[in-house]
Amino acid sequence: MKHLIAPSVLAADFTKLYDDIKMVNNSEADWFHIDIMDGVFVPNISFGFPVMQAIAKHAEKPLDVHLMIVDPDRYLKVCKDSGAAIITVHYEACTHLHRTLAAIKELGCQAGVALNPHTPVSLLQDVLQDIDLVCLMSVNPGFGGQKFIERTYAKINDLRSMAAGINDALLIEIDGGVGEKNAALLLEAGADVLVAGSSVFSAENPTEAIQILKNVEHSAKQI
Ligand code: DX5
Ligand code: ZN
């Protein structure tokens with residue numbers, strides 16, 4: 001499978017969001033990455049469901065929603081009703097992760113789990129078969145434009161080996177500090193989905209930045 005590109009709307013120009021949504025629609029991007037923050041789980045607040053609904057009205061590609069909020073169960077239904085195709089919750093924010101994943105599936109969405117940089121992938125061992133996507137945070141969540149954490153490559157490798165034979169369809173998504181410089185290495189390590197915020201929206205030509213990420217040359221290992 002060719003890898004997927006998910007531009008993070010957090011880095012878009014909110015004063016011309018419609019134009020940025022159209023740009024993504026007309027680009028080679030696969031998904032819209034939507035970062036929802038509560039100011040509690042992460043030290044920042046982004047935007048909420050009314051804004052996501054506005055995005056959903058114009059987006060022609062699936063919304064990949066990254067919930068950086070405590071107790072996300074409270075918002076799963078509104079998240080689905082606001083247009084989510086994939087709902088990703090944080091391992092660190094869920095006391096009953098297995099139940100939360102089941103609730104996401106019951107809504108008809110794909111279920112993702114995000115791991116902070118300090119959280120080992122081994123903690124997913126017992127829910128691996130219930131997950132469609134694992135989002136490995138390659139920065140501490142909360143802000144765009146941060147420096148990529150190099151340890152992420154090893155985590156991708158570990159997760160890919162761990163999932164082999166248990167969940168071969170698992171998508172590994174990398175979020176934070178991703179751009180033209182590290183895309184090939186991430187794909188070679190086994191990543192399937194690249195989230196890109198500032199490297200896309202701060203580029204002189206965002207459409208071209210997406211195109212470059214989508215067509216990056218690599219020799220991804222086959223499992
Ligand atoms: C960070 C968010 C990311 C962010 C990535 O908490 O989860 O999705 O938008 O931004 P860049 O690509 O600029 O690191
Ligand atoms: Zn994100």
What nm value, rounded to one decimal, do you get for the distance between residue 211 and residue 166 when each label is placed 7 Å out toward the C-beta? 4.1 nm
Where in segment 1-92 are there GluC sites (Glu not before Pro) that are in a DSSP coil and have at most 16 other Cβ atoms within 10 angstrom of their Cβ? 28, 60
Considering the options 197, 15, 50, tell which one lies farthest towards the positive end of the dipole of the chain, charges being +1 on Lys and Arg and -1 on Asp and Glu at the Cβ, about the Cα centre. 50
Dipole magnitude (debye, nearest 20) for the chain, charges at Cβ of Lys, Arg, Asp, Glu: 140 debye
Report the percentage of all Cα-Cα pairs in segment 15-147 whose separation exceeds 23 Å, rounded to a whole percent. 31 percent
Arrange the residues 204, 150 by how much accessible surface each exposes, largest first, with a 1.4 angstrom probe. 204, 150
From the C-alpha gyration tensor of segment 103-223, pull out the three semi-axes of the equivalent ellipsoid (sqrt of 5λ each), sorted largest to smallest, in whole Å. 24, 16, 15
Most packed first (mean Cβ within 10 Å per residue), the peptides 191-201, 99-109 order as 191-201, 99-109
Excluding same-chain residues fewer than 8 positions from residue 181, which aspartates and glutamates have a Cα within less than 14 Å of its Cα? 150, 217
Quick one: if the Förster radius is 22 Å, what FRET efficiency do residue 17 and residue 151 give, using the C-beta to C-beta distance and rounding to 0.05? 0.05
How many percent of the alpha carbon pairs in the chain exceed a separation of 33 Å? 8 percent
What 222 nm value per residue comes from the helices of the chain, counting each DSSP H run with n ≥ 4 as -39,500 (n - 2.57) and dividing by all residues, nearest 500 deg cm²/dmol? -8000 deg cm²/dmol
For segment 132-184 and segment 79-131, distance of Cα centres in Å: 15 Å
Looking only at segment 98-127, which residues have a backbone nitrogen under 12 Å from a spot 7 Å from the Cα of residue 140 in the C-beta direction? 117-118
Coil-residue chymotrypsin sites (Phe, Trp or Tyr not before Pro) of segment 6-90, DSSP, other Cβ within 10 Å capped at 15: none
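The values are calculated or read from the model by the stated rules, or taken from the named source; none is laboratory data. Please read all numbers here as calculations on a predicted model, not as lab measurements. Methodologically, a virtual Cβ is constructed for each residue, glycine included, from the backbone with ideal geometry; neighbour enumeration extends over all protein chains shown. Calculation scope for accessible area: heavy atoms of the full protein, side chains included, ligands and nucleic acids excluded. Shrake-Rupley method; radii C 1.70, N 1.55, O 1.52, S 1.80 Å.
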